[in-house]
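Chemist: Okay, handing you the structure first.
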Amino acid sequence: MFDFIVGHYAYWFVFILMAIGLYGMIIKCNLVKKLIGMSIFQVSIILFYVAGANKWGATVPVADPALGTADPAKYINPLPHTLMLTAIVVGVATMGVALALVITIYKRYKSLDETRLLEQMRKEDDTE
Amino acid sequence: MGIDTMTISFVPLLAVLVSLLAVPLILFSSRRPNLREFWTFGAGIIKFGLVLSLLPGALAGKSVGIELLELAPGIRLALKADPFGVFFAMIASGLWIFTSFYSIGYMRGLGEHKQARYFSAFAVCLSATIGIAFSANLLTFILFYEILTIATYPLVIHKETPKAIRAGRKYLAYTLTAGLFLIAAAAVTWQITGSLDFAAGGIFKSHPMAPSTARILFFLFLGGVGVKASIMPLHSWLPTAMAAPTPVSALLHAVAVVKSGVFGVIRVVGFVFGPALMKEFGLGRILMVFAGFTIITASLLALKQDNLKRRLAYSTVGHLSYIVLGAGMLTSAALTGAMLHIAFHATMKITMFFVAGAIYVNLHKENISQLNGIGRVMPWSMGAFTVAAIGLSGLPPINGFISKWYLGMGSVQADTLIPLFILVASGLLNAAYFFPIVHRAFFRRPDGDELAGHGEASPFMVVPLCLTATLSLAVGIYPDLFFRFFRLASNVAGAILGGA
Amino acid sequence: MILSNSPALVPLSLLLAAIVIPMAAFRRRWLAYPLALCASAFATGISVVNIIRVLTEGTIHYHFGGWIPPIGIEYVLDPLSSFVTLVVNAVSLMVLVHARRSVAAELPDKSMPFYAVVMLMLTGFNGIILTGDFFNLYVFLEISSLALYGMIAVGGRKSPIAAFRYLIMGTVGGSFYLLGVGFIYMTTGSLNMADVARIAPSLHQQPALVAALGLMITGLGIKMAIFPLHGWLPDAYTYAPSASSALIAPVGAKVGVYAIIRVIFYVFGVEFVRNSLPITEILAWLGAIAIIYGSIQAIAQKEMKRMLAYSSVAQIGYIGLGIGLANPYGIIGAVLHVMNHALMKACLFLVAGNYRLKLGHSTIPRLDHRVRRRMPWTTAAFTIGALSMVGVPPTVGFFSKWYLALGTIQNGRWLFLTALLVSSLLNAVYFFRILEKVYMKPLEGEAADDGSVSLDEAPASMLVPTLVLGIALLLLGLLNAVIVTGIISRIVPPGM
């Protein structure tokens, strides 16, 4: 049991981050706080992959003449890292779009509170 | 009688399509009434001619038809003009000609609006009705059944008054729900038997079913066809639909729509379930109970109505259940009588509706209490009405007597006398709610001078109603006149019971 | 060369257009639309070629860059993917033809970025459908999602909020999917779908794999907008510009559906899924609830686009139900409904777009008979669309319901059958309400026959696609057996 928690400490950390991120995205009312939560959430998944790529007692995946290239257990798995490069880019792009939206919303409604915004939206609907 | 054993012929397809092809012609000549009506007539006469050409083959027990494209894997859109289908198609297409003629007098007499929409919707309805008559399998039947529902909607709401719109909504609510039941029933049938083709003697012959399955399936089917067939308690759309113009009530709600319903009932009883299965699970008895209840209740309700069309509507509800009752009895005379009643009730009821409409156009009267003395002013109309009233009460020499006689004989054949009593009682009730109208018309003085100066209604209306009344009389004396109704009906009954 | 590369050409041509449009149209604004249209037409043409290839040659595996899977990324052309790409591209083409006027009217100065973003969205959709690699699917999923957020946000005043909410939910969905892919990679060591399908049975329901399945379905479910994860859909469809709604609504949620079908039936297999989590059962129930919930909500709506949005929730429920039944008829019904719903919704949204252009609004209480006299053909197309949604034969809508009904009966699920049939009635309520309004004269006030309402139909470029889709609803209904036996029945996974 102890082994289970300590041995997988990276994953526990990742999941706690995920929970924080989700909490921020869903529960918080301020749009920017939601975005912070979203960023944390996405980063936690990236960390998950990176943690999964790791191997005990292995080094960075650059060919080291001293270790040789015969035994893959000496190098950590580079594939998840490359996948996460893409995921980081996706996260950045999404954040960019999201921030642009936030700016537009603020300019039009002068508020970043989700509850107030939804109320305002419904009111405008009824008067249309 | 599988589809592969029938001869290929385009005639059933043409019969269905003729009026559909007339629709764009009608719509494009909407500004020229005479041309527009010409298309309706042309389509009607051609359609009737095509159907009539199928009569000799039908009398010999042969079917012709055609298989069109596949609608779903294993099920084709297929038309088959079997004797029963030809029987129904003759009635529908023949009476359409009369109704078209009558419509001219009615619509022009009232200066009704949207006549192009009216005549084109009528044409589509007739296409759908012939399609129903000639459907070779359940899916094709459902297709045309639903098209009929949609196509009759513009006719029901034709007047576009709040009452008419409400009537239309009620009509759609009932009929669309019924369509769903029918779809469910067809899907279950497909699941059990792998075939949806109508076969005299039933589809389920080699597929044993548990009693509960059979009963639930039967109720699904009954829900599906029962709405149009106005079996109580699914009947209530019919009196409300009297908000439609009278020719609509006449043809659709006395001939096409409701008769499609009872046609469907007989198809289900004879060609889907089959007499053997019906008897095995007591389904015939269930039908008889519903029908008997409907007949008596509808007749009693008819007594209470002052509005002439509503009284006729309840009378129709009752008479439709004569047919259902006959179907439930499952004997040769009963089935023959039921089928004959499809035809004979049509001619009589259409006469009555025509008269009601003539009275409305001519004198703007709708209620029976206002009809004192009109017999003197409209002798031909009321004469025809009397003929029809005699027939609907089941008295000779009008054709209504013959169908009722056979239904009664069927009751004896089935070793149960309750249907016979119901029929007799209903006949008395019919007399009770029709003859006072006749009496008022001929033997009471009109109130005041309001009828002075009025004559008979326009010949466009009077001629058709006299013709249908004469037809009722003539067929009553000689049932095989012209169209061999009797021979056809008894052949079909034999085929169903023989399980060909 | 074209032929052998045909799987890749579909998303690549669209991607190329997405890149070229900003460059070429930067100075010459008017270039954006023709480029977009050409790319879409080309993609549709190649999709047709793809289907023909699949039907004649069988499943085609296309290795990108010559790298052999599972190391390399491959595109897989099988009956399912080629069918769905054809539907997506063909319907989008029709809507694009319509979009020129609509965009010119609603987004006059943003047309160039708009078309570029539309091309990106289509790239994303086609990539999702064609790819045979899990991570590649994620990439295209996010590409299309970002494009969607953009397309929705350029609407009126309220659209950025709707887009933001969609962004939050969509990112959660995509991230769950990514997490699921992570689990799959860590347990099977492969990202290739076919490879994972081969390896998965031998792992015997490892918790990580089961978790992967659950996470992926949840993530894709958010994209698919299955109840109760549909919260983003109504606002997004309503506040987006007409052209965006018309492009997104018919096909947007379908790619989520496609991915779920792939994951459940092709990668993991029904047996595995049934033994691990009751996903198919839950999907079926959620589908049934969505059907009823969506229809009831649609009845309550006053604005046509919002009504159509809730109607979409219900229609997606049909597809969910079909998948959840997991029997041949259910799958046939679900896939056929992907096509049918795309056609129906596209037709209806195009009608709403026509009304918005000519009447200035699409609010239902403000429609009346003058609409029909002014725009008879558009209203006729609406009627056919309405009849199809209700399920009147011989329109396409009837046949989806027929197959789904057979599917429910095959499993003996009478409750689902009832939900299916009752929804037809609910659909009838909210559609016939509109038909009543436009086909009948008002009851009091108006003069009897004011000939003052002259024919003022939508312009040809908007009317023709609307009518083509309307006619397709009838034709494809009559011909549905051809489609089912020709293609869709091949989609049913072997062993069912």
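Chemist: If you average 1/r over all unlike Cα pairs in the protein assembly as shown and invert the result, what Kirkwood radius do you get in angstrom?
Modeler: Working: mean 1/r = 0.0312 Å⁻¹.
Taking the inverse mean of 1/r over all distinct Cα pairs, the protein assembly as shown comes out at 32.1 Å.
Chemist: What is the fewest-to-most order of B:Cys466, A:Cys29 by other Cβ atoms lying within 10 Å of their Cβ?
Modeler: Numbers: B:Cys466 19, A:Cys29 13.
Lowest count first: A:Cys29, B:Cys466.
Chemist: Ok, one more. Arranged by the count of other C-beta atoms within 10 angstrom, fewest first, what order do C:Ser362, C:Ser245, B:Ser53 take? Walk me through the intermediate numbers first.
Modeler: On the way: C:Ser362 22, C:Ser245 29, B:Ser53 16.
Ranked by crowding around the Cβ, least crowded first: B:Ser53, C:Ser362, C:Ser245.
Chemist: Any idea what the relative contact order of region A:2-127 is, in percent, if you count C-alpha pairs under 8 Å spaced at least 6 apart? Provide the component values of the computation, followed by the final result.
Modeler: Details: 108 pairs, mean separation 28.8, N = 126.
So the answer I get is 23 percent.
Chemist: Next question, about the same structure. Got the relative contact order for region C:99-198 handy, in percent, Cα pairs under 8 Å and 6 or more residues apart?
Modeler: Numbers: 83 pairs, mean separation 24.9, N = 100.
Relative contact order, region C:99-198: 25 percent.
Chemist: Sticking with this one: Helix B:332-363 versus the longest principal axis of chain B: what is the Cα-based angle in degrees, 0 to 90, to the nearest 10?
Modeler: Orientation of helix B:332-363: about 30 degrees from the principal axis.
Chemist: Something else: Given 0.36 nm per residue, what is the gain on full extension from C:Ser461 to C:Phe64 after removing their alpha carbon distance, in nm? The partial results should precede the final answer.
Modeler: Numbers: separation 397, 0.36 × 397 = 142.92 nm, distance 3.80 nm.
That pair, C:Ser461 and C:Phe64, stretches by 139.1 nm at full extension.
Chemist: Okay, moving on. Using a 7 Å offset from the Cα along the Cα-to-Cβ direction at both B:Arg285 and C:Arg366, what is the distance between the two label points in nm, to one decimal?
Modeler: A separation of 6.4 nm, rounded to one decimal place.
Chemist: In degrees, nearest 10, range 0 to 90: what is the angle between the Cα axis of helix B:257-266 and the longest Cα principal axis of chain B?
Modeler: 30 degrees
Chemist: For a quick check: sort C:Asp456, C:Asp109 by the number of other beta carbons within 10 angstrom, fewest at the front. Don't skip to the end; give the middle numbers.
Modeler: Values: C:Asp456 11, C:Asp109 8.
Listing C:Asp456, C:Asp109 from fewest to most nearby Cβ atoms yields C:Asp109, C:Asp456.
Chemist: Within 10 Å of each Cβ of A:14-26, how many other protein chain Cβ atoms are there on average? Show your work: numbers first, answer last.
Modeler: Details: counts 1, 0, 0, 0, 3, 0, 0, 2, 3, 0, 0, 5, 3.
Shielding by partners across A:14-26 averages 1.
Chemist: Let me check against my output: what whole-number percent is the relative contact order of chain C, with C-alpha pairs under 8 Å and at least 6 apart? Intermediate values should be presented prior to the final figure.
Modeler: Details: 853 pairs, mean separation 70.5, N = 496.
In percent, rounded to a whole number, it is 14.
Chemist: How crowded by other chains is C:169-176, given as the mean number of beta carbons from other chains within 10 Å of each beta carbon? Numbers along the way, then the final one.
Modeler: Working: counts 2, 1, 12, 8, 0, 5, 14, 4.
Mean partner-chain Cβ count within 10 Å for C:169-176: 6.
Chemist: Let me ask something else. According to a simple spin-label model (label point 7 Å from Cα along Cα-to-Cβ), what is the distance in nm between C:Arg29 and C:Leu475?
Modeler: Taking the two extended label points, one gets 3.6 nm.
Chemist: Does anyone have the angle between helix B:485-498 and the longest principal axis of chain B? Alpha-carbon axes, 0 to 90°, nearest 10?
Modeler: Tilt of helix B:485-498: around 30 degrees.
Since every read-out is calculated from the coordinates, none of them should be taken as a lab result. These numbers were taken from a predicted model, which means no experiment stands behind them. When we count neighbours, we look across all protein chains shown, and the Cβ atoms used for this are built from the backbone with ideal geometry, even at glycine.
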